[in-house]
């Protein structure tokens, strides 16, 4: 049975990483980028894992280290310790990401990359992380950069639409128009300012129909 793809909001939340190797370094960087408050617990850590947003505690894992955490990344080379941390996390209601055994955790981090407001992520169901990264890179290479520009331009108009158009059906129909083929054509033919004007007209028309 396939997993359910989700986007986990970790901004401002406490995340604990048990382990200080290469996987811990990559997870810490991704979590900080997403706004998490990261604590790394390990007797030794690799170079480069320390950065703003990451607290390093150079010691072994202790009971209670997950108190107040939303998520724990288990990334040591000790299977018994990984199992212990996972059991504690389950009892404490903390989500688990297992580097050694993804199927034993709650959260799998796919190969991903952020491009402006766009996130491209690929999971192979645990078959091959390398293949996932290769497919991700191929998707990014074929991505029309105009999509990023369109999404960045439209973002504030989406918020304005939510505030000004009260009818759900009319609002949804207007939101679709902000990123449809016509919007992309306006951007490519006449540029960002023309797209902004186009979005303003869509909002005005939907507002008039409230």
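Since every read-out is calculated from the coordinates, none of them should be taken as a lab result. All of these numbers come straight from a predicted model, not from anything done at the bench. FYI the Cβ positions are ideal-geometry reconstructions off the backbone, even for glycines, and counts take in every protein chain you see.
How would 41, 203 line up from fewest to most surrounding beta-carbon atoms within 10 angstrom?
203, 41
If you stretched the chain out fully between residue 139 and residue 180, how much longer would it get, using 0.36 nm times the residue separation minus the C-alpha to C-alpha distance?
In short, 12.7 nm is gained.
Highest mean first, what order results for 145-151, 20-26 on Cβ atoms within 10 Å?
Result, highest mean Cβ count within 10 Å first: 20-26, 145-151.
Residue 173 to residue 87: extension gain in nm, 0.36 nm per residue of separation minus the Cα-Cα distance?
Full-extension gain reported as 26.3 nm.
As a test of the definition: which semi-axes, in Å, follow for region 146-208 when you take the square root of five times each eigenvalue of its alpha carbon gyration tensor? Largest first, please.
20, 10, 10
Pairing the Cα long axis of helix 79-92 with the longest principal axis of the chain, what angle in degrees results, from 0 to 90 and rounded to the nearest 10?
Roughly 60 degrees, rounded to the nearest 10.
What is the spin-label model distance, in nm, from residue 50 to residue 127 if the labels are put 7 Å beyond Cα along the C-beta direction?
For the pair residue 50/residue 127, the computed spacing is 4.2 nm.
When you take every Cα atom in region 14-109, what is the radius of gyration, and what is Dmax, the widest Cα pair distance, in Å?
Here Rg and the maximum Cα pair distance are 11.7, 33 Å.
Using r as the Cβ-Cβ distance of residue 196 and residue 148, and R0 as 25 Å, what FRET efficiency do you calculate, to the nearest 0.05?
Given R0 = 25 Å and the Cβ-Cβ separation, E is 0.95.
Top mean-square fluctuation among 121, 141, 173, Gaussian network model of the chain, C-alpha springs under 10 Å?
Looking only at 121, 141, 173, the biggest GNM fluctuation is shown by 173.
Determine the distance separating the Cα centre of region 70-86 from the Cα centre of region 2-47; give it in Å without decimals.
Each part reduced to its Cα centre gives a spacing of 13 Å.
Which three extents, in whole angstrom, do the alpha-carbon atoms of the chain cover along their principal axes, largest first?
Here the spans come out as 62, 38, 36 Å, largest first.
Tell me the mean residue ellipticity at 222 nm calculated for the chain from its helices only (DSSP H runs of n ≥ 4, each -39500 (n - 2.57), averaged over every residue, nearest 500).
Helices in the chain give a 222 nm mean residue ellipticity of -14500 deg cm²/dmol.
Which of these, 132, 48, 105, has the largest mean-square fluctuation under a Gaussian network model of the chain (Cα springs below 10 Å)?
48
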